[in-house]
Amino acid sequence: MSLAQPAIFVSHGAPTLAIEPSPAREFLAGLGLDVDRRFGRPRAVLVASAHWESAVPTVGAAAEFDTIHDFRGFPDELYRIRYPAHAAQDVARALTERLEESGIPAATDRSRGLDHGAWVPLRLMYPVADVPVVSLSLQPSRGPRHAYRVGEALRPLRSDGVLVLGSGSITHNLRELSAGQSEEPLHVREFVEWIGARVAAADTEALLDYRRRAPHAERNHPTDEHLLPLFIVLGAASPQAPLRRVHASRTFGSLRMDAFESS
(Lines give C-alpha, C1' and ligand atoms only; values in the text may rest on other atoms or scores of the structure.)
Protein backbone atom coordinates (compact mmCIF):
# COMPACT_ATOMS: atom_id res chain seq x y z
CA MET A 1 0.00 0.00 0.00
CA SER A 2 1.38 3.44 -0.95
CA LEU A 3 2.12 6.02 1.69
CA ALA A 4 0.75 9.54 1.58
CA GLN A 5 2.64 11.48 -1.08
CA PRO A 6 4.98 14.31 -0.05
CA ALA A 7 4.74 18.02 -0.75
CA ILE A 8 7.91 19.28 -2.45
CA PHE A 9 9.18 22.72 -3.38
CA VAL A 10 11.74 22.91 -6.19
CA SER A 11 13.61 25.80 -7.79
CA HIS A 12 13.30 25.54 -11.58
CA GLY A 13 15.90 28.13 -12.57
CA ALA A 14 16.37 29.05 -16.23
CA PRO A 15 14.69 26.99 -18.99
CA THR A 16 18.13 25.61 -19.90
CA LEU A 17 17.83 23.42 -16.79
CA ALA A 18 16.02 21.05 -19.16
CA ILE A 19 19.11 20.45 -21.31
CA GLU A 20 22.28 21.60 -19.54
CA PRO A 21 24.12 19.62 -16.82
CA SER A 22 23.97 21.06 -13.32
CA PRO A 23 23.61 19.81 -9.73
CA ALA A 24 19.96 20.92 -9.72
CA ARG A 25 19.24 19.04 -12.95
CA GLU A 26 20.85 15.91 -11.51
CA PHE A 27 18.75 16.24 -8.36
CA LEU A 28 15.49 16.61 -10.29
CA ALA A 29 16.38 13.76 -12.64
CA GLY A 30 16.54 11.44 -9.62
CA LEU A 31 13.64 12.92 -7.67
CA GLY A 32 10.84 10.98 -9.37
CA LEU A 33 12.53 7.64 -8.75
CA ASP A 34 13.27 8.67 -5.17
CA VAL A 35 9.61 9.52 -4.55
CA ASP A 36 8.54 6.21 -6.13
CA ARG A 37 10.94 4.30 -3.89
CA ARG A 38 9.93 5.98 -0.65
CA PHE A 39 6.23 6.68 -1.16
CA GLY A 40 5.11 4.65 -4.16
CA ARG A 41 4.27 5.99 -7.61
CA PRO A 42 1.93 9.01 -7.29
CA ARG A 43 -1.38 8.68 -9.08
CA ALA A 44 -1.03 12.34 -10.09
CA VAL A 45 1.21 15.37 -9.64
CA LEU A 46 -0.41 18.66 -8.66
CA VAL A 47 2.00 21.37 -9.84
CA ALA A 48 1.82 25.04 -8.84
CA SER A 49 4.20 27.04 -11.04
CA ALA A 50 5.38 30.61 -10.50
CA HIS A 51 4.67 31.28 -14.18
CA TRP A 52 0.88 30.91 -14.05
CA GLU A 53 -0.91 33.83 -12.42
CA SER A 54 -4.64 34.49 -12.26
CA ALA A 55 -7.18 36.42 -10.22
CA VAL A 56 -8.51 33.29 -8.47
CA PRO A 57 -6.99 29.82 -8.05
CA THR A 58 -7.50 28.11 -11.39
CA VAL A 59 -7.17 24.37 -11.94
CA GLY A 60 -5.57 23.29 -15.20
CA ALA A 61 -7.23 20.15 -16.52
CA ALA A 62 -6.49 19.85 -20.23
CA ALA A 63 -7.10 16.45 -21.82
CA GLU A 64 -3.49 16.71 -23.03
CA PHE A 65 -1.37 19.65 -21.98
CA ASP A 66 0.38 21.71 -24.64
CA THR A 67 4.02 22.53 -23.89
CA ILE A 68 4.29 26.30 -23.48
CA HIS A 69 7.66 27.78 -24.45
CA ASP A 70 7.23 30.98 -22.46
CA PHE A 71 10.74 32.34 -23.02
CA ARG A 72 12.88 33.97 -25.70
CA GLY A 73 16.46 33.85 -26.89
CA PHE A 74 17.33 30.33 -25.79
CA PRO A 75 18.79 27.41 -27.83
CA ASP A 76 16.56 25.96 -30.57
CA GLU A 77 16.68 22.59 -28.82
CA LEU A 78 14.48 23.93 -26.03
CA TYR A 79 11.70 24.96 -28.42
CA ARG A 80 11.56 21.45 -29.89
CA ILE A 81 10.84 19.83 -26.54
CA ARG A 82 7.31 18.55 -25.97
CA TYR A 83 5.99 17.12 -22.71
CA PRO A 84 2.63 15.50 -23.53
CA ALA A 85 1.22 15.11 -20.04
CA HIS A 86 -2.49 14.54 -19.57
CA ALA A 87 -4.70 15.56 -16.69
CA ALA A 88 -6.11 13.45 -13.88
CA GLN A 89 -9.66 14.71 -14.27
CA ASP A 90 -10.85 13.20 -10.98
CA VAL A 91 -8.02 14.94 -9.12
CA ALA A 92 -8.86 18.21 -10.86
CA ARG A 93 -12.45 17.91 -9.67
CA ALA A 94 -11.37 16.98 -6.15
CA LEU A 95 -8.98 19.95 -6.05
CA THR A 96 -11.70 22.36 -7.12
CA GLU A 97 -14.06 20.92 -4.51
CA ARG A 98 -11.45 21.17 -1.77
CA LEU A 99 -10.78 24.83 -2.56
CA GLU A 100 -14.46 25.75 -2.62
CA GLU A 101 -15.17 23.82 0.59
CA SER A 102 -12.42 25.90 2.20
CA GLY A 103 -14.12 29.11 1.11
CA ILE A 104 -11.68 29.79 -1.71
CA PRO A 105 -13.41 30.57 -5.04
CA ALA A 106 -11.86 28.51 -7.84
CA ALA A 107 -12.06 28.17 -11.61
CA THR A 108 -11.12 25.49 -14.14
CA ASP A 109 -9.16 25.90 -17.37
CA ARG A 110 -9.28 22.98 -19.82
CA SER A 111 -7.15 24.58 -22.53
CA ARG A 112 -4.02 26.05 -20.92
CA GLY A 113 -0.80 24.08 -21.31
CA LEU A 114 2.16 23.70 -18.99
CA ASP A 115 4.66 26.58 -18.73
CA HIS A 116 8.37 25.92 -18.26
CA GLY A 117 8.06 26.22 -14.49
CA ALA A 118 5.89 23.09 -14.68
CA TRP A 119 7.15 21.02 -17.59
CA VAL A 120 10.90 21.42 -17.00
CA PRO A 121 10.91 19.77 -13.52
CA LEU A 122 8.16 17.32 -14.49
CA ARG A 123 10.07 16.18 -17.57
CA LEU A 124 13.18 15.56 -15.46
CA MET A 125 11.20 13.71 -12.79
CA TYR A 126 8.93 11.67 -15.08
CA PRO A 127 10.54 11.76 -18.55
CA VAL A 128 7.91 9.73 -20.42
CA ALA A 129 4.96 11.76 -19.05
CA ASP A 130 3.37 8.64 -17.56
CA VAL A 131 2.08 10.33 -14.39
CA PRO A 132 -1.08 12.44 -14.83
CA VAL A 133 -0.79 16.13 -13.99
CA VAL A 134 -3.06 18.82 -12.60
CA SER A 135 -1.80 22.41 -12.61
CA LEU A 136 -2.76 25.23 -10.28
CA SER A 137 -2.34 28.98 -10.74
CA LEU A 138 -1.01 31.49 -8.22
CA GLN A 139 -2.38 34.86 -7.04
CA PRO A 140 0.64 37.10 -6.37
CA SER A 141 -1.57 40.05 -5.46
CA ARG A 142 -2.94 38.04 -2.52
CA GLY A 143 0.47 37.32 -0.97
CA PRO A 144 1.99 34.43 1.02
CA ARG A 145 -0.89 33.95 3.47
CA HIS A 146 -3.33 33.31 0.67
CA ALA A 147 -0.92 30.81 -0.92
CA TYR A 148 -0.51 29.06 2.43
CA ARG A 149 -4.29 28.84 2.82
CA VAL A 150 -4.57 27.32 -0.66
CA GLY A 151 -1.94 24.76 0.34
CA GLU A 152 -3.89 23.86 3.47
CA ALA A 153 -6.99 23.25 1.37
CA LEU A 154 -5.26 20.73 -0.86
CA ARG A 155 -3.37 18.93 1.93
CA PRO A 156 -5.87 15.99 2.09
CA LEU A 157 -5.13 15.13 -1.55
CA ARG A 158 -1.70 13.87 -0.51
CA SER A 159 -3.34 10.97 1.34
CA ASP A 160 -5.09 10.09 -1.90
CA GLY A 161 -1.86 9.58 -3.81
CA VAL A 162 -1.31 13.12 -5.12
CA LEU A 163 2.21 14.54 -5.09
CA VAL A 164 2.13 18.29 -4.44
CA LEU A 165 4.90 20.07 -6.36
CA GLY A 166 5.56 23.80 -5.93
CA SER A 167 7.90 25.13 -8.61
CA GLY A 168 9.51 28.53 -8.12
CA SER A 169 12.88 29.77 -6.87
CA ILE A 170 14.39 30.42 -3.46
CA THR A 171 16.00 33.56 -4.89
CA HIS A 172 14.86 35.33 -8.03
CA ASN A 173 16.34 38.66 -9.01
CA LEU A 174 17.08 38.36 -12.72
CA ARG A 175 18.82 41.75 -12.82
CA GLU A 176 21.65 40.41 -10.67
CA LEU A 177 22.41 37.19 -12.52
CA SER A 178 26.01 36.66 -13.58
CA ALA A 179 27.21 33.34 -15.00
CA GLY A 180 30.84 34.20 -14.21
CA GLN A 181 30.33 34.99 -10.52
CA SER A 182 32.25 32.45 -8.42
CA GLU A 183 31.42 33.70 -4.93
CA GLU A 184 27.89 33.63 -3.58
CA PRO A 185 26.75 37.20 -2.84
CA LEU A 186 26.30 37.94 0.85
CA HIS A 187 22.71 39.12 0.39
CA VAL A 188 21.82 35.78 -1.22
CA ARG A 189 23.54 33.67 1.41
CA GLU A 190 21.98 35.53 4.35
CA PHE A 191 18.50 35.34 2.85
CA VAL A 192 18.72 31.62 2.07
CA GLU A 193 20.18 30.85 5.50
CA TRP A 194 17.27 32.71 7.09
CA ILE A 195 14.72 30.78 5.01
CA GLY A 196 16.41 27.47 5.85
CA ALA A 197 16.50 28.22 9.56
CA ARG A 198 12.86 29.29 9.68
CA VAL A 199 11.80 26.22 7.70
CA ALA A 200 13.76 23.91 10.01
CA ALA A 201 12.17 25.57 13.06
CA ALA A 202 8.69 25.29 11.52
CA ASP A 203 8.34 29.03 12.10
CA THR A 204 5.47 29.49 9.69
CA GLU A 205 4.51 32.91 10.98
CA ALA A 206 7.96 34.34 10.32
CA LEU A 207 8.03 32.79 6.84
CA LEU A 208 4.64 34.24 5.95
CA ASP A 209 5.99 37.64 6.99
CA TYR A 210 9.29 37.13 5.15
CA ARG A 211 9.19 40.43 3.25
CA ARG A 212 9.40 42.30 6.54
CA ARG A 213 11.54 39.89 8.59
CA ALA A 214 13.99 38.19 6.22
CA PRO A 215 17.31 39.90 5.44
CA HIS A 216 17.46 41.32 1.90
CA ALA A 217 13.98 40.01 1.10
CA GLU A 218 13.11 42.56 -1.57
CA ARG A 219 16.52 42.34 -3.20
CA ASN A 220 16.22 38.56 -3.56
CA HIS A 221 12.54 38.70 -4.51
CA PRO A 222 11.53 42.02 -6.10
CA THR A 223 8.12 40.37 -6.53
CA ASP A 224 6.52 37.45 -4.66
CA GLU A 225 5.55 35.02 -7.39
CA HIS A 226 8.65 32.79 -7.39
CA LEU A 227 8.49 32.20 -3.65
CA LEU A 228 4.73 31.65 -3.47
CA PRO A 229 5.01 27.95 -4.44
CA LEU A 230 6.98 27.46 -1.21
CA PHE A 231 3.97 28.70 0.76
CA ILE A 232 1.68 26.34 -1.16
CA VAL A 233 3.97 23.50 -0.07
CA LEU A 234 4.17 24.77 3.51
CA GLY A 235 0.37 24.78 3.69
CA ALA A 236 0.12 21.32 2.15
CA ALA A 237 2.64 19.89 4.62
CA SER A 238 1.54 18.53 7.97
CA PRO A 239 2.05 21.05 10.81
CA GLN A 240 3.61 18.20 12.81
CA ALA A 241 6.18 17.47 10.09
CA PRO A 242 8.22 20.54 9.10
CA LEU A 243 9.88 20.75 5.72
CA ARG A 244 13.50 19.70 5.29
CA ARG A 245 16.00 20.92 2.73
CA VAL A 246 16.76 18.15 0.23
CA HIS A 247 18.89 20.05 -2.25
CA ALA A 248 21.08 23.17 -2.31
CA SER A 249 23.01 24.57 -5.25
CA ARG A 250 23.49 27.81 -7.14
CA THR A 251 23.54 28.93 -10.76
CA PHE A 252 24.14 32.23 -12.59
CA GLY A 253 25.84 33.64 -9.52
CA SER A 254 22.87 34.60 -7.38
CA LEU A 255 20.11 32.18 -8.41
CA ARG A 256 19.75 29.57 -5.69
CA MET A 257 18.24 26.21 -6.67
CA ASP A 258 17.27 24.83 -3.25
CA ALA A 259 14.49 22.31 -2.74
CA PHE A 260 12.43 21.44 0.34
CA GLU A 261 10.27 18.41 1.12
CA SER A 262 7.68 17.60 3.74
CA SER A 263 9.17 15.14 6.24
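The values are calculated or read from the model by the stated rules, or taken from the named source; none is laboratory data. Bear in mind the structure is a predicted one, so any value in this text is a computation, not a measurement. Methodologically, a virtual Cβ is constructed for each residue, glycine included, from the backbone with ideal geometry; neighbour enumeration extends over all protein chains shown. These area figures cover heavy atoms from the full protein model, side chains too; ligands, DNA and RNA do not enter into them. Shrake-Rupley method; radii C 1.70, N 1.55, O 1.52, S 1.80 Å.
Just one of the listed residues (Ser137, Ser141) is farther than 27 Å from Asp34 by Cα, touching an Asp or Glu at 6+ places or on another chain (Cβ under 9 Å) and among the polar types (S, T, N, Q), namely Ser141.
Among residues of the stretch 130-143 that are closer than 15 Å to His116 by Cα, those with a Cβ under 6 angstrom from a residue that is polar (S, T, N, Q) and open to solvent by 30 Å² or more (accessible area, probe 1.4 Å), sequence gap 6+ or separate chain, pair up as Ser137/Ser54.
Residue check: Leu78 meets all listed conditions (1) assigned to a loop (DSSP other than H, G, I, E, B); (2) open to solvent by less than 20 Å² (accessible area, probe 1.4 Å); (3) at pLDDT 95 or above; (4) within 29 Å of Ser254 (Cα to Cα) but one, namely (1).
Filtering the stretch 1-52 to residues that are assigned to a helix (DSSP H, G or I) and charged (D, E, K, R) leaves Arg25, Glu26, Asp34, Asp36, Arg37, Arg38. What do you reckon, is Asp130 closer than 30 Å to Arg41 by Cα and acidic (Asp, Glu)? Answer is yes for this residue. Can you pull out the residues in the stretch 92-116 that are crowded, with 23+ Cβ neighbours inside 10 Å and within 16 Å of Leu163 (Cβ to Cβ)? The answer is Ala92, Leu95, Leu114.
Give me the pairs, please: first residue somewhere in the stretch 36-52 and within 9 Å of Val133 (Cα to Cα), second residue anywhere and open to solvent by 60 Å² or more (accessible area, probe 1.4 Å) and assigned to a strand (DSSP E or B), beta-carbon distance under 8 Å, and either six or more positions apart or on two chains. Sorted first by the residue in the stretch 36-52, then by its partner, the list stays empty.
Pairs linking a residue in the stretch 211-224 that is within 13 Å of Leu174 (Cα to Cα) to a residue that is aromatic (Phe, Trp, Tyr) and in a helix (DSSP H, G or I), with Cβ atoms under 7 Å and 6 or more positions apart or on different chains, are Asn220/Phe191. Would a scan of the stretch 121-137 turn up a residue that is at pLDDT below 95, open to solvent by 20 Å² or more (accessible area, probe 1.4 Å) and either closer than 19 Å to Arg149 by Cβ or among the basic types (Lys, Arg) (or both)? No; the residues of the stretch 121-137 include none that is at pLDDT below 95, open to solvent by 20 Å² or more (accessible area, probe 1.4 Å) and either closer than 19 Å to Arg149 by Cβ or among the basic types (Lys, Arg) (or both). For the stretch 1-57, which positions are in contact with a strand residue (DSSP E or B) (Cβ under 8 Å, 6 or more places away or on another chain) and small (Gly, Ala, Ser)? Passing the criteria: Ala7, Ser11, Gly13, Ala14, Ser22, Ala24, Ala44, Ala48, Ser49, Ala50, Ser54. Exactly one residue out of Gly60, Gly40, Gly13 is modelled with pLDDT of 95 or more and within 19 Å of Gly168 (Cα to Cα), and it is Gly60.
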